[in-house]
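Here's the structure, in structure tokens; my notes come after.
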């Protein structure tokens, strides 16, 4: 039996999705305060303290959930993904109840907005289980074998045929890549955005709001199509018996280029997206392969037979000729 190791590096990786979501919610809260109550917008130091406090809460809850799973001797990625969602939802609920969140959501949107940190927490929990690695229970407990103790059983190895797993978490991570890449685009326009405002404080707020708004819009409109695209790429690669990351990247890039080319034939203006689409598809394929993992090929399905004489191979003579019964 194995347990997931304690890993600061994995905890840092698990906090990345939560950090992005918390930053988006923080930007929207500041922008809303700038419109409704400009005088009540907190100072930058206070904003940083709010953000640091929320991230510290998320880190503490994630590590507490990891500790509970270790005590329960659970190490599956599904369990860690579920734990991350529960811990992120609990952290969000406590922050809302104790007014640790910078801006409260509007009436009737508390649960809806809470889905964002919950989903980010599920991805974060999955990332922790992925990056931390496993350790045997005996080593995790710190026990040392006695001199006369029997030797530990050899490690289980497998040299049979394998295939890339179908991973929901891997699809979700890969499907967010178009959103992330599209969000990076407004940052190249920040000097132009800030130059058009006489009030530099307003310029800074809008410069932060536009990427956050781009992130939300792209996530809503692209996650489902990107998930379907990634699932198709995975099954094409599996049908071609491809397992390496660069092979998944090549298949994803070609598939994305083909999809963009079909759209460009209908709307010629979209031809400018051919190269970015190919790059995004290649990145999605490589990311999926990185997080999906391998599994053994399934065994053939059991055959239900009612006639023992039919249990012969394909090249048996009875398969190629018919027996004859002469009637009287």
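Could you order the peptides 317-327, 242-252, 221-231 from most to least packed, using the average number of other C-beta atoms within 10 Å per residue? Don't jump to the answer; show the numbers that get you there.
Numbers: 317-327: 6.6, 242-252: 18.9, 221-231: 16.9.
For the peptides 317-327, 242-252, 221-231, the packing ranking is 242-252, 221-231, 317-327.
List the pair-distance distribution P(r) of segment 1-140, using every Cα-Cα distance, as the percent of pairs falling in each 10 Å bin from 0 up to the bin containing the longest distance, rounded to whole percents.
Answer for segment 1-140: a P(r) of 13, 41, 27, 14, 5, 1 percent.
May I ask you to list the residues of segment 288-306 whose amide nitrogen lies under 15 Å from a point 7 Å from Cα along the Cα→beta-carbon direction of residue 240?
Counting only backbone N, you get 289.
For segment 243-328, just run the numbers: alpha carbon Rg, then divide by 2.2 N^0.38 Å, N being how many residues it has. Please list the in-between numbers first.
Working: Rg = 25.6 Å, N = 86, 2.2 N^0.38 = 12.0 Å.
Scaled against compact globular proteins, the figure is 2.14.
For segment 1-140, calculate the relative contact order in percent as a whole number, restricting contacts to Cα pairs under 8 Å that are 6 or more residues apart.
On the way: 180 pairs, mean separation 64.0, N = 140.
Here the relative contact order equals 46 percent.
Give me 72, 232 ranked fewest to most by other Cβ atoms within 10 Å of their Cβ, as a rough exposure proxy. Could the numbers behind the result be given before it?
On the way: 72 10, 232 14.
The fewest-first ordering by Cβ neighbours comes to 72, 232.
Coordinate-derived values only; no laboratory data. No experiment lies behind these values; they were computed from the predicted model shown. Backbone-built Cβ (ideal geometry, glycine too); neighbour counts: all protein chains shown.
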